[in-house]
Amino acid sequence: MRKILIVNPKGGSGKSTLSTHLASWFAWQEAKVMLGDLDKQHSSHHWLDLRPAHLPQIARWEIGDDHIARPPKGSQVAVLDTPAGFSGNKLKKVLKIVDHVIVPIQPSAFDLWACADFFEELAETKAVRQEDVQVGAVGMRVNARTQAANPLPEFLRKYDIPLLTCVRDTQLYNQTIQRGMSIFDLPHSKTQRDRAEWQALIDWVLKR
């Protein structure tokens, strides 16, 4: 089973967008997918409630009160969305049950500053030090026509975290998410560019 944690200490970084889209992609591969949501707002689970019945279904991963419940047996992929400020003991406990950590991050100075202490904390955890957990970052809402994303790779190199891909800023995500859908639920002809942006992330997750 692949167990993927989506985490960033800052709100509005794109965690739910990343979580729901990964879950959707795996569902299209006929995998049994569980989507968990630790955020009190339950954005990812609200997205599930809106998901049309004719699309590949994604099961709701109900998290226990201890917030460290393991994915149900029989699952092939489990994706866990987290709230802002998720760190400390909760982070350490969850790192014991996942194998991939993906950090969505926007290239603004405020977002980079907000993540500095988090990346230090992540690097010091036993699971990451022993490489039991793979960590990668995804640039979110990146406009390729500007130089705004230039500081991102250099910032991540300080923590030895690879920048897996960058996802562009487009209304296509808002239009699909509000209907319980993802770009992977749309025709290839309409999403070719966006699917190409996601491919490097998907390849990284599939390697292990």
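At-a-glance table
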| read-out | value |
| --- | --- |
| Some residue of the stretch 50-66 being loosely packed, with under 14 Cβ neighbours inside 10 Å and touching a residue at least 60 places away in the same chain (Cβ under 8 Å) | yes |
| Positions within the stretch 119-141 being over 16 Å from ARG208 (Cα atoms) and modelled with pLDDT of 80 or more, in sequence order | PHE119, GLU120, GLU121, LEU122, ALA123, GLU124, THR125, ALA137, VAL138, GLY139, MET140, ARG141 |
| Residue in the stretch 140-156 that is closer than 18 Å to ARG2 by Cα, crowded, with 18+ Cβ neighbours inside 10 Å, touching a residue at least 60 places away in the same chain (Cβ under 8 Å) and among the hydrophobic types (A, V, I, L, M, F, W, C) present | no |
| Residue in the stretch 155-164 that is over 17 Å from THR17 (Cβ atoms) and in contact with a Phe, Trp or Tyr (Cβ under 7 Å, 6 or more places away or on another chain) present | yes |
| Considering residues of the stretch 74-133 that are surrounded by 18 or more Cβ atoms within 10 Å (Cβ to Cβ) and charged (D, E, K, R) only, the residue nearest to GLN41 (Cα to Cα) | ASP81 |
| LEU122, sole failed condition from (1) without any contact (Cβ under 8 Å) to a residue 40 or more places away in the chain; (2) within 19 Å of PHE26 (Cα to Cα); (3) part of a helix (DSSP H, G or I) | (2) |
| Some residue of the stretch 187-205 being among the small types (Gly, Ala, Ser), under 14 Å from the mean Cα position of the chain (by Cα) and within 15 Å of SER13 (Cα to Cα) | no |
| Residues (within 23 Å of VAL205 (Cβ to Cβ) and either in a loop (DSSP other than H, G, I, E, B) or at pLDDT 90 or above (or both)) located in the stretch 146-156 | ALA149, PHE155, LEU156 |
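The values are calculated or read from the model by the stated rules, or taken from the named source; none is laboratory data. Nothing here was measured: the structure is a model prediction, and the numbers come from that model. For neighbour counting, all protein chains shown are included, and Cβ atoms are generated from backbone atoms with ideal geometry for every residue, glycine included.
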